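First the structure, then my questions, so here it is.
Just so it is clear, none of the values below were taken in a lab; they were calculated from the coordinates. From a predicted model like this one, the values you see are computed outputs, not experimental measurements. Counting neighbours? That spans all protein chains shown, and the Cβs are built from the backbone with ideal geometry, glycine included.
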Amino acid sequence: MANATLTISSKNYSSWSLRGWLLTKFSGLPFEEVVMPADDPGARAELLLLSPSILVPCLFHDGIKVWDTLAIGEYLNEVRPGARLLPKERAERAHCRAICGEMHSGFAALRSALPMNLKAHFPGFKVWARAQTDIERIVTIWHECLAQYGGPYLFGERTCADAMFAPVVTRFVTYDVKLDADIVAYGERILAMPEMRQWIADAQQEAEEIDELDVEF
């Protein structure tokens, strides 16, 4: 039996749950999922960006409770060092931490204008200017990492960075964001990961819908 649990919320809507789940999967730490229903007040507040992501995801391991996605990534890097969630070289680790932190604390316009919704698809979606600025910054980050470290993932092998940006990949697909070939190829690699295929399949089976996140605007 796994001696760890990971509390998450909706697989269709919760980008932070996806990040924490991928980090734990990447680490190889056996765990059991605890899913908060979408109608739970805390989960709903998190999904609608009305509160910080405090309740989910939350990792409980060996009597230790870790919330906040960056903290989960750092903790897993300590207890599962062989998984290399952070790169081996100090300069690369610093770079990885910097872009993970930027994703963690930034891109508010993208979050609000293009909420994660794996079951939806909006061809020709009109992206407003501030969200487009966020998209351009993310594309720059990905180009720089892929060029500097040679791919196929942002730092060569899979790291925290790929888990942190994976929900953005899904947003680009949901909202039909036009991207260049190299960025599309990176997104396809992320979506082809067995972990992502499993998450998306589970999301498709969710019965809960949140009207505020299904509005075509």
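Which FRET efficiency value, to the nearest 0.05, is calculated for Arg90 and Arg189 with the Förster distance at 41 angstrom and r the Cβ-Cβ distance?
For Arg90 and Arg189, the calculated efficiency is 0.95.
Taking Lys11 as the anchor, which lysines have their alpha carbon closer than 29 Å to its alpha carbon, excluding any fewer than eight residues away along the same chain?
Lys25, Lys65, Lys119, Lys126, Lys178
Identify, among Ile183, Thr133, Leu86, the residue whose Cα sits farthest towards the positive end of the charge dipole of the chain, taking +1 on the Cβ of Lys and Arg and -1 on the Cβ of Asp and Glu, with the dipole about the Cα centre.
Leu86
According to the square roots a ≥ b ≥ c of the eigenvalues of the Cα gyration tensor, what is the shape class of the chain, taking rounded for a/c under 1.5, prolate for a/b larger than b/c otherwise, and oblate for the remainder? Write down the numbers at each step before the final one.
Values: a/c = 1.66, a/b = 1.05, b/c = 1.58.
Note, shape of the chain comes out oblate.
If the elastic network links every pair of Cα atoms under 10 Å, which of Leu179, Leu76, Leu85 fluctuates the most in the Gaussian network model of the chain?
Leu179
So, in nm, how far is label Glu32 from label Gln132 when the simple model puts each one 7 Å beyond its Cα toward the Cβ?
5.0
While we're looking at this one, here's another question. Mind ordering 95-107, 118-130, 186-198, 150-162 by average Cβ neighbours within 10 Å, highest first? Write out the running numbers ahead of the final one.
Working: 95-107: 17.2, 118-130: 12.8, 186-198: 15.4, 150-162: 20.9.
The packing order, highest mean first, is 150-162, 95-107, 186-198, 118-130.
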